[in-house]
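Working notes, beginning with the structure itself.
The values are calculated or read from the model by the stated rules, or taken from the named source; none is laboratory data. The structure presented is a predicted model; accordingly, all values stated were derived computationally and were not measured. Please note: Cβ atoms are built from the backbone with ideal geometry, for glycine as well, and neighbour counts cover all protein chains shown.
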Amino acid sequence: MANRYASRNQVVKAIFIVVGVIFVCRLATLQLFSPKYREAAERQSLRYVTQYPARGFIYDRNGQLLVHNEAVYDLMVVPRLVTGTDTAYVYSTLGISLEEFNERMAAARRYSHYAPSTFMKQISKDEYAKFENKMFRFTGFYITQRTLRIYDRPIAAQVLGFVGEVNDDDIERDHYYKRGDYIGRSGLELSYENQLRGIKGKRIMHIDALNREVGPYMNGELDTLPTEGCNLYTSLDADLQQYAEDLMANKRGCVMALEPATGEVLAMVSAPTYDPNMLVGRSRKPNYIALRDDISTPMLNRALMGQYPPGSIFKVAQALTALDLGVITPQTGFVCDKSLVGCHNHPSAQSVQEAIKMSCNPYFYQVYRRVIQQGKHKNPNKDAQYGLTVWHDYMMRFGFGQKLPIDLPRGGMSRGNIPDTAFYNSKRWYGRDRWQFSTIYSNSIGQGEVTVTPLQMVNLAAIVANRGYYITPHVVRYYGPDSLQSEEYGLRHETGIDRKWFDIAAQGMYDVVHVAGGTGRLARVENLDVCGKTGTAQNGSSLNPRHDHSVFIAFAPKDNPQIAVAVYVENAKGGGGSWAAPIAGLVIERYLNGEVKRKDFERHYREINPCQPPLPPRKKKTSTS
């Protein structure tokens, strides 16, 4: 009996020994051979600190610094390590309330108990200096350094853009970003994000039980240095940009200037504008909300997103199209018959050149009629469909009706509208075979269903300046130490229209500014051959009357063009020759001569505000039950 229990005892001992050996082996495996658990153990005493790269600087065409960085600090927290911390000491030192402290801690815990998240962001050097030597009492907290964008001059806000904190969609789309990172949100900051952002580095530090860094892990062998972002060298002329913004300071509208030979944007002004430094730092959010809700829409880049009737500047494209089609000759004349369409008082134009100079509406009514009703079909509706298709093709060659390629975000960019047969055949408009020239004649003078963007307007001026082609517009000349440039922005786009017709158009535009009877005499600049075209774009309706828009495009000098300009002043009673033309002349004078000598003239157009107040936003209809 005793022997029987003794054998059982041996079996039980053996079982315990085997189980013990299994546990010992497993522990040895986990601690000595498993990298997964070894890393987890090390992580308890290590801190992984992201080394943020300096974002690339942005310069103007003359080397003036437009955007640089300033060091700021983020206070990070690991919620699991905060246990036992004197929270009252922490929040009083940071200058926040207990309620705010608890809200921030709750947000950090929701994100993760173990991973670090931002507790307080964008702390300035001066603010950090006040509690830097007290950080050893902030158990579970540590500081990481990053940079904040600083805009050296309060200009070009809609062009340069701004940066903002990433959201979940950004992180999902690109795993480079982690919570708390920043990304370009608009302008060049967005379109050149990959070049500007650089490459993050990493620092691994040993920490002690008091959350203090005691030295680099493995002597820093696993650390990586950040690589700073590429600098952008833009085509903007900062002084011209500032000058144009000053001229438009109390107006609504747009000024665009570019170099015809290269497509480089010299200035892009959308008025009203704002100081880009308003969207930097901890005051960014309230400033953003105020700008967003402003009824004058200062955050709207009118140069790219504005969609306007072009008015009479469109007549230049009409003349070139009709000449190239052969439906008129340079010497074609038409009577200024106001029964066809309204016009101002002037003699009847005896040539295309005179018609451009005097901006005769009935003349271009007849020109457009010849383009649309070419007599190719006996049925006038089919004939109009044929003519409109040909006309639409020519307008597209000028860059209208499409999003012109430019190195700025194109998500909210307007394409304008050049109506085609599908447009008018739709049930929303007239329906198939129910329209002809007499239905759509307003297109002839840049009204009706035609709309364009200021970028397309200045591009038209560049096409005439170049006598038949344009270079893809762009804002960045090159970037990085190797002077990289996208090949897309050096492309030449031909209209396919004979140069001789452009010579006639250019001469007509010269007469607009320099010859008696021209509608743009206020754009004259002494000793400069300025060529321009005025436009007065009707706006509003009988139910909602509004002042017309004032429009002007120009280039100079006539035979060696160095600048093309488009100016659009919204709701400015008096027409293109009254407001847009003098502003364009001042911009040209400032750029080509380096200064403006007509100080009284300059002061008048800088200080005056001809714009009607903006309309309040429409109230949304609420349903009633």
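Considering only the stretch 307-339, how many residues are touching a helix residue (DSSP H, G or I) at 6+ places or on another chain (Cβ under 8 Å), surrounded by fewer than 22 Cβ atoms within 10 Å (Cβ to Cβ) and touching a residue at least 60 places away in the same chain (Cβ under 8 Å)?
3
To keep it simple, each residue is scored yes or no on (1) within 39 Å of the chain's Cα centre (by Cα); (2) assigned to a loop (DSSP other than H, G, I, E, B); (3) over 22 Å from Val214 (Cβ atoms); (4) modelled with pLDDT of 90 or more.
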site: Thr29; (1), (2), (3), (4): no, no, yes, no
site: Arg38; (1), (2), (3), (4): no, no, no, no
site: Arg55; (1), (2), (3), (4): yes, yes, yes, yes
site: Ala71; (1), (2), (3), (4): yes, no, yes, no
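Would you call Arg415 within 24 Å of Ser426 (Cβ to Cβ), of a type outside the set (Phe, Trp, Tyr) and modelled with pLDDT of 90 or more?
It is true that Arg415 is within 24 Å of Ser426 (Cβ to Cβ), of a type outside the set (Phe, Trp, Tyr) and modelled with pLDDT of 90 or more.
Do we find a residue being under 23 Å from Lys533 (Cα atoms) and in a loop (DSSP other than H, G, I, E, B) anywhere in the stretch 380-395?
Among the residues of the stretch 380-395, not one is under 23 Å from Lys533 (Cα atoms) and in a loop (DSSP other than H, G, I, E, B), which makes the answer no.
Tell me the strands (runs of 3 or more DSSP E) entirely within the stretch 432-498 that contain at least 1 residues that are aromatic (Phe, Trp, Tyr) and closer than 24 Å to Ala261 by Cα.
Of the strands (runs of 3 or more DSSP E) lying wholly inside the stretch 432-498, those with at least 1 residues that are aromatic (Phe, Trp, Tyr) and closer than 24 Å to Ala261 by Cα span 469-471, 476-479.
So the check is Cβ under 6 Å with 6+ separation or different chains; which pairs have a first residue in the stretch 556-585 that's under 16 Å from Cys531 (Cβ atoms) and a second one that's in a strand (DSSP E or B) and aromatic (Phe, Trp, Tyr)?
Taking only residues 6 or more apart or on different chains, the pairs are Pro561/Phe555; Ala564/Phe555; Val567/Phe552; Gly576/Phe552; Ala580/Phe552; Ala581/Phe552; Ala584/Phe552.
Going by the structure shown, is His175 part of a loop (DSSP other than H, G, I, E, B) and surrounded by fewer than 20 Cβ atoms within 10 Å (Cβ to Cβ)?
Spelling it out, His175 is indeed part of a loop (DSSP other than H, G, I, E, B) and surrounded by fewer than 20 Cβ atoms within 10 Å (Cβ to Cβ).
So which residues in the stretch 495-517 are surrounded by fewer than 12 Cβ atoms within 10 Å (Cβ to Cβ) and touching a residue at least 60 places away in the same chain (Cβ under 8 Å), if there are any at all?
Once the filter is applied, which keeps residues that are surrounded by fewer than 12 Cβ atoms within 10 Å (Cβ to Cβ) and touching a residue at least 60 places away in the same chain (Cβ under 8 Å), the stretch 495-517 yields only Gly496.
Considering only the stretch 344-360, I want to know if a residue exists there that is assigned by TED's automatic domain parsing to the domain that holds Ala319, acidic (Asp, Glu) and surrounded by fewer than 18 Cβ atoms within 10 Å (Cβ to Cβ).
No, there is no match, as no residue in the stretch 344-360 is assigned by TED's automatic domain parsing to the domain that holds Ala319, acidic (Asp, Glu) and surrounded by fewer than 18 Cβ atoms within 10 Å (Cβ to Cβ).
Please go through the stretch 457-503 and give me each residue that is among the acidic types (Asp, Glu) and out of contact with any Pro (no Cβ under 9 Å at 6 or more places or on another chain), ordered by number.
Matches in the stretch 457-503: Asp482, Glu487, Glu494, Asp498, Asp503.
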